[in-house]
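Just so you know, all these numbers are worked out from the coordinates, no wet-lab data involved. In this text, all values refer to a predicted model and were calculated from it rather than measured experimentally. Cβ placement follows ideal geometry from the backbone for every residue including glycine, while neighbour counts extend to all protein chains displayed.
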Amino acid sequence: MKDSSNPFWLRYIPGFIRSKLEGRHTLHAIIHNTGWLLADKALRLGLGLLVGAWVARYLGPSQFGELSYVLAFVAFFQTIGLLGLDGIAIRDMARDREASPLILGTVFRLRLITGVLCWLSAIGSMALFRPGDQHTLVLTAIVSGSLVFQTADTVDLWFQSQTQSKRTVLAKTLAYVLNSLFKVGLILAEAPLLYFAVAGLIEFAFAAVALFVSYKMYQAPFNWLWNYQWAKRLLQEAWPYMLSGLAIVVFMRIDQIMLREMIGTKELGIFSAALPLSTTWYFIPMMIAQSIGPSIAKKKQSDPIGYAHTINQLFSLMWWITLPLCVLMFLFSEPIVQLLYGETYIESAKVLAVHVFTNIPVALGVMQSIWILNEKKNMLSLYKTAVGAVTNVGMNLILIPKYGVMGAASATVAAQWISSVIINKLFAPQIFRSQMLGLFNLYRYK
């Protein structure tokens, strides 16, 4: 007798695969959740690249570089605003549903207060960093307004902990599509740069409203509550992750800041145009980690051997997804850039051919973050990213004056490998071994 509780899509896949999936309801939820996340990212990949490239063409390298500079600057404050709480909140709600009201209410209030403070700090910091540059200051004030609206992402933590990312995907996809149409309208109306900064803010506002509506439709069976003890507990565990996140932003964004200050906005525009083509693939490991994270947290408690085996399998999977991807992007970087951006940005092809190889260490690092979270080795996360940040800054200081945008791309690749993989040889040798051997473990997925 067939299990009527199996999802509808199971009947459409080959029989030899279906027989292994029938009745495995936890795995069904993970696959269903991952499918929604994949659909969202696929839409963003296609629409984002097309509209983003059109915006870059319209603005030109110099204005596009100026906007990229402000976005990179605000990214530091966005990381502070999240407080490093995502993984911890999702893990604790997956393990203890009864604590969810206190966790959600506490996280929301902490983020709202921090978001407002970060918005004001971003404006004040830019005023000090670039005194007299009123245009950049206005751009910063607009873009950093998103720090308040990102508080709404607390709703997503609840959906993730219940493996129901469909709710978030629908809300954010609607906001993203509307905002993309708005940007197209700005291009057709020949709007100035300032309006594109406003467009970014509007997307966050749309997403916040859409998440609120989605939550009202699929509301949790409790009210959110503030709790001082939970605030203290969450922040005590989260601060290394927040600092780690800042370190990640340093070696993901500092090259853009340094390029602007050292060689100019045009070169920054050339460099920034390559980044969406390179970094958009980061969603693959992040999507997998987001979907499988709650189940691994439970497996850590109930099946330690299976938990360790799953971590090893994830490293292998990352190798065999990202390595072919990097090779293909390397081989076709020039025609891709020429098609999307035109001759004005042709130098971006060389940046893409190098920078795309960050995908391998990023993927391995994301999978290790699952292990770090469940082992509560939060200081290791901080050490790794701090070393990566220092490495990237140091290499940029040496390589940008000599090699320009190619120096910045090379510095980022090296920093990612050091931070995500090589440093594990010292701090987590068993993980280093699993990461490296993962390249040769394809047979596990047969």
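Charges at C-beta only: +1 for Lys and Arg, -1 for Asp and Glu. How large is the resulting dipole of the chain about its Cα centre, in Debye rounded to 20? It would help to have the intermediate numbers written out before the result.
Numbers: 36 positive and 22 negative charges, 271 e Å.
About 1300 debye.
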At 7 Å along Cα-to-Cβ for each site, give me the label-to-label distance between residue 440 and residue 236 in nm.
4.4
Tell me, in nm to one decimal, what length is gained between residue 225 and residue 323 on full extension, where the rule is 0.36 nm per residue of separation less the Cα-Cα distance?
30.8 nm
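Contour minus end-to-end for residue 338 and residue 209, with contour as 0.36 nm per residue of separation and end-to-end as the Cα-Cα distance?
Working: separation 129, 0.36 × 129 = 46.44 nm, distance 3.73 nm.
Here the segment from residue 338 to residue 209 would lengthen by 42.7 nm.
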Nearest-20 debye value, the stretch 35-226 charge dipole, Cβ charges on Lys, Arg, Asp, Glu:
320
Computed from the mean reciprocal separation of all distinct C-alpha pairs, what Kirkwood hydrodynamic radius does the stretch 237-446 have, in Å?
17.8
Across 10 Å bins beginning at 0, the whole-percent shares of Cα-Cα pair distances in the stretch 35-226 come to 9, 32, 34, 19, 6, 0
May I ask you to order 269-281, 202-214 by the average number of other C-beta atoms within 10 Å around their residues, highest value first?
269-281, 202-214
Farthest toward positive dipole pole in the chain [+1 Lys/Arg, -1 Asp/Glu at C-beta], among 239, 207, 62:
239
Answer with one residue from 361, 411, 341: the one whose Cα lies farthest towards the positive end of the charge dipole of the stretch 237-446, charges on Cβ with Lys, Arg +1 and Asp, Glu -1.
361
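Using only alpha carbon pairs under 8 Å that are at least six residues apart, calculate the relative contact order of the stretch 237-446 and give it in whole percent.
Working: 244 pairs, mean separation 73.5, N = 210.
Relative contact order, the stretch 237-446: 35 percent.
What helices in the chain pass both tests, a Cα length along the helix axis of 27 Å or more and a mean Kyte hydropathy of 1.6 or higher, using whole DSSP H runs?
Working: long enough: 25-82 (52 Å, 0.81); 100-129 (41 Å, 1.52); 165-188 (34 Å, 0.91); 193-217 (37 Å, 1.80); 228-262 (46 Å, 0.32); 283-302 (29 Å, 0.17); 304-331 (42 Å, 1.25); 378-403 (37 Å, 0.72).
Correct list, ordered by number: 193-217.
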Match the structure shown to one of the listed values (1) 68, 49, 44; (2) 101, 87, 54; (3) 67, 59, 40 of Cα extents along the principal axes in Å, computed from it, and give that label.
(1)
Average Cα contact separation per residue, the chain, under 8 Å, 6 or more apart, as relative contact order %:
21
With respect to the cross-link table entries 172/350; 384/425; 232/376; 172/298; 298/384; 183/216, which display a Cα-Cα separation exceeding 23 Å?
172/350; 172/298; 298/384; 183/216
